[in-house]
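Here the structure comes first, spelled out in structure tokens, and everything after it is commentary.
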Amino acid sequence: MFYIDEDSEALALEASKVHPQARCEIEFQRTLRIPDDNQEYDLPPGLGKFPLGHVDDYKDKVPESWVQHGGVFLPMYQGEAMWLNFNPRSPISSSTGYPFAIKIATGKINAVSGEAWSNELQSGRTSAGRQDYVVIPEQPWLDGYCVAEGLIRQFVAMPLGEGYTAEEQLTGEAEHGGIQIVAYPMKRELYQKIKEPKHFETVNACIPSNYEVMSEDEYGLAAGGLMRQQIFKDKYGIDAWDQDHPSRCFVHILNSRQYQAFTGEAPPDEPPSAKTYTEAGLPWFDYYSESNTALDGAESLAGLDSVAAKGIKKGQKPLPENTPVSPGYIVVLGDKLRKIVRDGKF
């Protein structure tokens, strides 16, 4: 089952029917929107968690469709980016975690495979198609749509009905919006045979800046700038996952005005631009894992127009700040550190 952990401000998951240690958390992290200019960027920082609201606590205020979906909601500004941080947890130690297979969709379009939503797991090792889920804790985070091996396009909030979201580009409809999640714990008997995996920490920073105010429309996620990030193959195999005990959650996205109207609380401060952050000399990140194998990108996701590209086609400028940047301070993370050769002055 999913629930909001009030202490960690995260979406927590427990599968105690499978194993008492089967627990993890999904954090919805605010971040820099990297420039949407077809250059490849390293990982931007976490800027703190999006606040989560429980739909059932606001049944008399939220849209009826939200009540039907249940789940949680969070506020975003137009053009704001997010990433999902996966935090394995166990009652024994915060440094260990129970493995889960997690499917992430936006507007019911799978962010890994580009296929329409389905509850069941699909694996590239079967005739059903490519792997359509991530495995934690091997996958520490997910910042966007898997468009090529080692490359994603960042999750960026855009209004439904204007043609920007992945959902609209691939289905022609603006129906669902939001984020959909289904998670499956590892089978108890297999977990008891394997070594408990490592835990990955989150880095936070925060700087104020300016973003455009969102319209009153409901929001979905669109494809933003290119980021270097691997989506790892499932090294356990699809039979490792207990598909008899799924947990699902619908994450609705609303704008800052709606959030304040629903909850009576002020929304988070506006995030900084990549330009402001980089000029301040603050760190970007490079995550590398030699022990895991990256998935290829999904052809349908690779064919998405980014927000900037769609804006050009529509004769619009949907992004308030899209200046290219050259990060100079890059922190290398992963299970084997690499010495990066710095490109200095010539």
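The values are calculated or read from the model by the stated rules, or taken from the named source; none is laboratory data. Fair warning: this is a prediction, and the values are worked out from it, not measured in the lab. Neighbour counts run over all protein chains shown; Cβ positions are idealised from the backbone, glycine included. For the accessible areas, the whole protein counts, side chains as well, though only heavy atoms, and no ligand, DNA or RNA atoms are used. Shrake-Rupley method; radii C 1.70, N 1.55, O 1.52, S 1.80 Å.
Per residue, the convex hull spanned by the Cα atoms of the chain measures out at 139 cubic angstrom. Using the Cβ-Cβ distance between V332 and S8 with R0 set to 22 Å, the FRET efficiency from 1/(1 + (r/R0)^6) comes to roughly 0.25. Using the Cβ-Cβ distance between K314 and R248 with R0 set to 41 Å, the FRET efficiency works out to roughly 0.75. Rounded to the nearest 20 debye, the dipole size of the stretch 1-139 about its Cα centre is 360 debye, using +1 on the Cβ of Lys and Arg and -1 on the Cβ of Asp and Glu. Per-atom-type breakdown for the chain gives carbon and sulfur 46% of the accessible area (1.4 Å probe, protein chains only).
Mean sequence separation of contacting Cα pairs (under 8 Å, at least six apart), scaled by the length of the chain, corresponds to a relative contact order of 24 percent.
Assigning unit charges at the beta carbon (Lys, Arg +1; Asp, Glu -1) and nothing else, what dipole magnitude in debye, to the nearest 20, does the stretch 238-327 show about its Cα centre?
720
Quick one: Debye curve from the alpha-carbon atoms of the stretch 208-318 only, equal weights, vacuum; give me log10 I(q)/I(0) at q = 0.13, 0.18, 0.23 Å⁻¹ to two decimals. Scattering profile of the stretch 208-318, log10 relative to I(0): -0.93, -1.29, -1.31. With a cut-off of 20 Å on the backbone N, the residues of the stretch 164-185 near the modelled label site 7 Å out from M1 along Cα-Cβ are 181-185. Here the simple spin-label model places points 7 Å from the Cα toward Cβ, and for T323 and Q192 these points are separated by 6.0 nm. Taking Cα centroids, how far is the stretch 220-238 from the stretch 121-181 in Å? Cα centroid of the stretch 220-238 versus Cα centroid of the stretch 121-181: 8 Å apart.
Take 21-31, 65-75, 136-146 and order them by the average number of nearby Cβ atoms within 10 Å per residue, most first; the result is 136-146, 21-31, 65-75.
Only one residue of P75, P45, N87 has its Cα farthest out toward the positive end of the dipole of the stretch 2-105, where Lys and Arg carry +1 and Asp and Glu -1 on Cβ, and that residue is N87. Counting only DSSP H runs of at least 4 residues, each contributing -39500 (n - 2.57), and dividing by the residue count of the chain, the helix-based mean residue ellipticity at 222 nm comes to -2500 deg cm²/dmol.
On full extension, the segment bounded by D57 and Y288 gains 79.1 nm, given 0.36 nm per residue less the C-alpha separation. In plain terms, the chain from E149 to S65 could stretch by 26.6 nm, reckoned as 0.36 nm per residue minus the Cα-Cα distance.
Each residue, W117 and A261, gets one label point 7 Å from its Cα in the Cβ direction; the gap between the two is 2.4 nm.
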